Amino acid sequence: MRVMDNWHENRCFGSSVVGPRGQMVIPAGARRELGIDVGATLLVFEFFHGRGLMLLKADAAEQMLSMLGEQLSSFEKLVKNYRSQKAASGKKGG
């Protein structure tokens, strides 16, 4: 999945200026490469302790949250198995 494959890759597509109505233009190269089409929903997050913004496509955020949920479920199972094994070995005197 592309979201996690390029997690550490950083790029700068250019710059934008905030207009008088608070609007800005996303550089064409970024829109093209990232598949941001007219009507795409972008989530806007505070980033770097209030010093910046992070834009994330809504569908990508949903995919990331789904993947994180699956990973957390796996970790939860591992912890439960560990605790049950530890409890069973403790009952045997070890």
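Listed values, structure above:
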item	result
14 Å beta-carbon shell around Ala40, net charge (K/R +1, D/E -1)	-1
For the stretch 2-91: relative contact order, % (alpha-carbon pairs under 8 angstrom, 6 or more apart)	15 percent
Which labelled figure in (i) 35, 17, 15; (ii) 44, 14, 12; (iii) 68, 31, 7 is semi-axes √(5λ) of the Cα gyration tensor in Å, once derived from the coordinates	(ii)
Amide H contacts of Val25 (H built 1.01 Å from N, under 5 Å, at least 5 apart or other chain)	Val17
Taking Arg31, Arg83, Arg21 and counting other C-beta atoms within 10 Å, the order from fewest to most	Arg21, Arg83, Arg31
Mean ellipticity per residue at 222 nm, deg cm²/dmol - from DSSP H runs of n ≥ 4 across the chain, formula -39500 (n - 2.57)	-15500 deg cm²/dmol
Residue exposure sequence - Met64, Met54 - by fewest surrounding Cβ within 10 Å	Met54, Met64
Under the Karplus curve 6.51 cos²θ - 1.76 cosθ + 1.60, θ = phi - 60°, whole-Hz ³J(HN,Hα) for the stretch 34-49, x wherever Gly or Pro sits	9, x, 9, 9, 4, x, 5, 9, 10, 8, 10, 10, 5, 9, 6, 6
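No value in this document is a laboratory result; all are computed from the given coordinates. Computed from a prediction, not measured in an experiment: that's the story for all the values here. Using ideal geometry, Cβ is built from the backbone for each residue, glycine included, and neighbour counts are taken over all protein chains shown.
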